[in-house]
Amino acid sequence: MNVVIQVSPSKFKQIQQNYVTNQQTGLPKGTSFRVKIPGVTITGYQSGKIMFQGQLAQQEAQRWDTHGMMTSKSHPTKIADDLPQNFDQLSVLGSDEVGTGSYFGPLTTAAVFVQHNHLQALNELGVEDSKKLSDPAIIKMAKQIMQICPYHVVNVKPHDYNRLIKQYNQAQLKAICHNYVLGKVLDKIKPQSPNAILIDEFVSPQTYFNYLQGQSPIITKNVFFKEKGESYHLAVAAASIVARYVSLQTMDELSAIAGQTLPIGAGHKVDLIAADLISKGKNLDQFAKLHFGNTMKARRLANQK
């Protein structure tokens, strides 16, 4: 069980002093103290929140706050028989991508290494699937994740995407990007290595590795695949947030060049804006994934003007 309480600065100091003899060193950024006592791990954050984790979390928290206590379940919550035991508490390298279903903008893939001793800090930040977060929250959270955790991003902008999609199908391009960012993070953290690697699954593992034939190196050691991977470990959630952050930056850049806001997705609004860009003499190759059906729709609309 996890219990989080928000306390005043004076109460925070009182609690911290109570556990002074048990406090650990080498704490993650944003953490004021951490102690382990029988049945409970207690972490105090600079935000004024204190997290109690373990079988006796509720009882220990009640010593300090009998009002306004907030019980929070840790993320992620799912378990699977084919993953190592206590997977969500391991040091894991996770990867995820964004932009595959959006006509405008890049294909952005990120890998983030979340060590065991950083899990509480990411929980405190509220790390979860980027699709559930607002853009301002993603921007703020991504910057904090990138300060805490080793990461790498490959951001394939539309012009390069359109060139590569002639050589690879989209799923194969995604596989190459995942493999690339994972390899880059593994290089950054050497000689350390993760307990496991978790890829947000978009094709079967067999197909994924078939797509990587000819790539070097191919990351295969301790690699696992899960749909909705953020539900199994915060590393995938962190990767989705970092990828979304970089994607948002690119969308802002492309919108500035286009002279109008480029929407995400592939609906009718996208067709209308693409048609407008064509009418203004803009090259869609700079802004959009041209193999989408939106391209033909936009050209038809532009010809009707």
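The values are calculated or read from the model by the stated rules, or taken from the named source; none is laboratory data. Predicted model, so just to flag it, every value in this text is computed and none were measured. Reconstructed Cβ throughout: ideal geometry from the backbone, glycine too, with neighbour counts over all protein chains shown.
Only a single criterion out of (1) touching a strand residue (DSSP E or B) at 6+ places or on another chain (Cβ under 6 Å); (2) in the same structural domain as Val112 (by TED's automatic domain parsing); (3) among the hydrophobic types (A, V, I, L, M, F, W, C); (4) at pLDDT 95 or above is not satisfied by Leu248, namely (1). Candidates are the residues of the range 76-127 that are part of a loop (DSSP other than H, G, I, E, B) and among the polar types (S, T, N, Q); the one that is modelled with the lowest pLDDT is Thr77. Considering only the range 172-209, how many residues are loosely packed, with under 14 Cβ neighbours inside 10 Å and assigned to a helix (DSSP H, G or I)? So the answer is 5. Can you find even one residue in the range 257-279 that is in contact with a Gly (Cβ under 6 Å, 6 or more places away or on another chain), under 22 Å from Val153 (Cβ atoms) and touching a residue at least 60 places away in the same chain (Cβ under 8 Å)? There is no residue in the range 257-279 that is in contact with a Gly (Cβ under 6 Å, 6 or more places away or on another chain), under 22 Å from Val153 (Cβ atoms) and touching a residue at least 60 places away in the same chain (Cβ under 8 Å).
Flag not set for Gln115, criterion: in contact with a helix residue (DSSP H, G or I) (Cβ under 7 Å, 6 or more places away or on another chain), among the polar types (S, T, N, Q) and surrounded by fewer than 23 Cβ atoms within 10 Å (Cβ to Cβ). Checked against (1) assigned by TED's automatic domain parsing to the domain that holds Val156; (2) part of a loop (DSSP other than H, G, I, E, B), Gln260 meets all criteria but (1). Apart from one condition, Val270 fits all of (1) farther than 17 Å from Lys174 by Cβ; (2) out of contact with any strand residue (DSSP E or B) (no Cβ under 7 Å at 6 or more places or on another chain); (3) β-branched (Val, Ile, Thr); the exception is (2). State which residue is farthest from Val203 (Cα to Cα) when the search covers only the range 128-167 and only residues that are in contact (Cβ under 8 Å) with a residue 40 or more places away in the chain and in a loop (DSSP other than H, G, I, E, B). Ranking the candidates gives Cys149 first.
Applying the condition of being closer than 13 Å to Phe113 by Cβ and not hydrophobic (A, V, I, L, M, F, W, C) to the range 148-171 and asking which residue is surrounded by the fewest Cβ atoms within 10 Å (Cβ to Cβ) yields Pro150.
The set of residues in the range 119-137 that are farther than 18 Å from Ile50 by Cβ, crowded, with 21+ Cβ neighbours inside 10 Å and not small (Gly, Ala, Ser) comprises Val127, Glu128.
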